[in-house]
Amino acid sequence: MSKPLRIGIAGLGTVGAGVVKILAARGEHLAAASGRVLELVAVSARDKSKDRGIDLTGVRWDDDPLALAAADDIDIVVELIGGSEGVARDLVEAALKAGKHVATANKALIAHHGTALARLAEEKGVALNYEAAVAGGIPIVKTMREALAGNEIRSIHGILNGTCNYILTEMETTGRDFADVLKDAQDLGYAEADPTFDVGGIDAAHKLAILASLAFGTQVDFANVHIEGIEKISATDIAFAKEFGFKVKLLAIAEKGEAGIVQRVHPALVPEGTPLAAVSGVYNAVAIDGDRVGHLVLEGRGAGEGPTASAVLSDIVDVARGLIVPPFIVPAAKLKAPAKPLMDEHKSSFYLRLRAVDRAGSMAEITRALAEASISIERIVQRGGKSDESGRMPVVFITHETDEGTMARARTLLAKHEDVAGTPLVIRIEDGELR
Ligand code: HSE
């Protein structure tokens, strides 16, 4: 058997502790599978005295995570600190520069600096592995890197944030409000330290930017992801969507169109009966359309100790086996320049909910305004015909296909309309690629 692979772990939160547990529980199997003993040499975390339920006997404790990058007795640094800047970035850069392999679960870091870090890793001939950064336990990075090499990828549709999917599922099944359910998700440990990253769509956008790069051979381009979160979705919307035969999901989509690549994260109405509509709770899923393989859907847990640590271990085992590949499939120098944002050209049908003044003729006025804005209506629903205390009633329109610009103009017009209270809510309907 070759020399042990000597590991240093920075960050002993849920995931870090999970990695230590797997190394302890499956050490013999992992050594047999990779041909090398996986030896935990050192760890670094904030609080040495905290009980994490792990045995660190014989493992060096470094208060400064950067010491792991400098240590002569470490071959691979496992970065589980998080954040696109600061210590996590310094550590990964220092480790790569020192010629050490890196495994990280840090989606923000890879989304913001992936291309530059890949260049650095390639210069040094070391691995930069980040399976755990995208969709937790789903082996999507390996699938893209290895299994789908024979395909030109046409699109990716993902449910990439477990917190949002959990919230939307709970709102659907219990009819509870968004804020109330968010608190549950935080208590269950699904949400990021800053939950606005989850509910605002940023966490899913980090993951999407990484997937888009793998799928289309482009430099990681987080800046050009169109991002909308789920904060404005109400239990009413979810109930209306159900009447129309849809579920509400936060989708992360990257697709190749005639004019280029679009990356977008936003709530969407997904037809019931499609694979993504069936993904519930904290589960994530990625639907890939490849020209040879056709449609492929991977589903699994996107967060939590076990799934994320499982993904980190696969990265470590790859290194132990000597599988060192360019982080984004092709060498960083061959990645194409970022695609231009093409969201304005995107077309779909839309769900449009507004609160109409409850008076004779108001619906006629509103539909006229929509016609004047060139919006063609497919269906209208007025829930129970009852107005709320302020004399407004919720009305939902499903539109025929139209482009983003036209819809935005119609929304602005309606927001100013005397028969409409407040700003209407618009949700895109995704029913093409998903069937
Ligand atoms: N906060 C993330 C989620 C964790 O809810 O999916 C994994 O990135």
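Every number here is computed from the coordinates shown, using simple stated rules; none is lab data. Since we're looking at a predicted model, the values are computed, not measured. Here the Cβ is made from the backbone with ideal geometry for all residues, glycine too, and neighbour counts use every protein chain on show.
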* Unit Cα scatterers, Debye sum, segment 264-410: log10 I(q)/I(0) for q = 0.12, 0.13, 0.19, 0.21 Å⁻¹ -> -0.83, -0.90, -1.29, -1.35
* What Kirkwood radius, in Å to one decimal, follows from the Cα pairs of segment 139-291? -> 15.8
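Under a point-charge model restricted to the Cβ atoms of Lys and Arg (+1) and Asp and Glu (-1), what is the dipole moment magnitude of segment 224-279 relative to its Cα centre, in debye to the nearest 20?
100
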* Quick one: compute the contact order of the chain, relative version, from alpha carbon pairs under 8 angstrom and 6+ residues apart, as a percent. => 16
* Asked: Per-residue HN-Hα couplings for segment 293-301, Karplus 6.51 cos²θ - 1.76 cosθ + 1.60 at θ = phi - 60°, whole Hz, x for Gly and Pro?
  -> 7, x, 8, 9, 10, 10, 10, x, 6
* **aspartates and glutamates whose Cα lies under 16 Å from that of Lys232, excluding same-chain neighbours fewer than 8 positions away** => Glu170, Glu172, Asp177, Asp180, Asp198
* Structure fact -> Quick note, segment 55-186: a/c under 1.5 would make it rounded; otherwise a/b > b/c is prolate and the rest oblate (a ≥ b ≥ c, C-alpha gyration tensor); here it is oblate
* To do: Pull out the extension gain between Ala25 and Arg368, defined as 0.36 nm times the separation in residues minus the alpha carbon to alpha carbon distance; nm, one decimal.
  => 116.8 nm
* **Positive-end residue, the chain charge dipole about Cα centroid, Cβ charges, pick of Ala17, Gly200, Ser310** => Ser310
* By average C-beta atoms within 10 angstrom, highest first, the peptides 321-334, 262-275, 116-129 -> 262-275, 116-129, 321-334
* Ranked by Cβ crowding within 10 angstrom, fewest neighbours first, how are His226, His29 ordered? -> His29, His226
* Structure fact -> Quick shape check on segment 346-429: root eigenvalues a ≥ b ≥ c of the Cα gyration tensor, a/c under 1.5 is rounded, otherwise prolate if a/b tops b/c, else oblate, and it reads prolate
* Rel. contact order, % - alpha carbon contacts under 8 angstrom, at least six apart, segment 346-429 -> 49
* **Farthest toward positive dipole pole in the chain [+1 Lys/Arg, -1 Asp/Glu at C-beta], among Ile261, Ser234, Leu168** => Ile261
* Calculated from backbone phi, Karplus (6.51, -1.76, 1.60) coupling profile of segment 49-55 in Hz, x at Gly/Pro -> 7, 5, 7, 10, x, 10, 9
* Based only on Cα atoms, what Rg/Rh ratio does segment 5-133 have, Rh being taken as Kirkwood's radius? -> 0.94
* To do: Quick one: work out the % antiparallel among DSSP beta bridges in the chain, nearest 5.
  => 70
* To do: Could you tally the net charge around Lys21, taking each other residue with its Cβ under 14 Å from the Cβ of Lys21, Lys/Arg +1 and Asp/Glu -1?
  => -1
* Asked: Sorted by packing (mean other beta-carbon atoms within 10 Å per residue), highest first, where do 45-57, 130-142 land?
  -> 130-142, 45-57
* Asked: So who's got an amide H within less than 5 Å of the one on Ile261, skipping anything under 5 residues away but keeping other chains? H placed 1.01 Å off N, in plane.
  -> Lys340
* Asked: What FRET efficiency, computed as 1/(1 + (r/R0)^6) with R0 = 51 Å and r the Cβ-Cβ distance, is obtained for Leu323 and Ala408, rounded to the nearest 0.05?
  -> 0.65
* Asked: How about Lys3: which lysines have a C-alpha closer than 18 Å to its C-alpha, ignoring those fewer than 8 places off in the same chain?
  -> Lys100
* Quick one: Karplus J couplings for segment 259-265, per residue in order, coefficients 6.51, -1.76, 1.60, θ = phi - 60°, nearest Hz, x for Gly and Pro? -> 9, x, 10, 10, 10, 8, 10
* What number, in nm² with one decimal, is the all-direction average of the projected area of the convex hull of the alpha-carbon atoms of segment 180-263? -> 7.2
* In debye, nearest 20, what is the charge dipole magnitude of the chain about its Cα centre with +1 on Lys and Arg Cβ and -1 on Asp and Glu Cβ, if you could check? => 480
* Asked: At q = 0.21 Å⁻¹, what is the log10 ratio I(q)/I(0) for segment 277-361, with the Debye formula run over Cα points and no solvent?
  -> -1.26
* Arg359 to Asp51: extension gain in nm, 0.36 nm per residue of separation minus the Cα-Cα distance? -> 104.5 nm
* **Contact order normalised by residue count of segment 227-365, Cα under 8 Å, 6+ apart, percent** => 19
* Using unit Cβ charges (K, R positive; D, E negative) and no other charged atoms, how large, in debye to the nearest 20, is the dipole of segment 346-429 about its Cα centre? -> 160
* Given a cut-off of 27 Å, what percent of all Cα-Cα pairs of the chain lie beyond it? -> 55
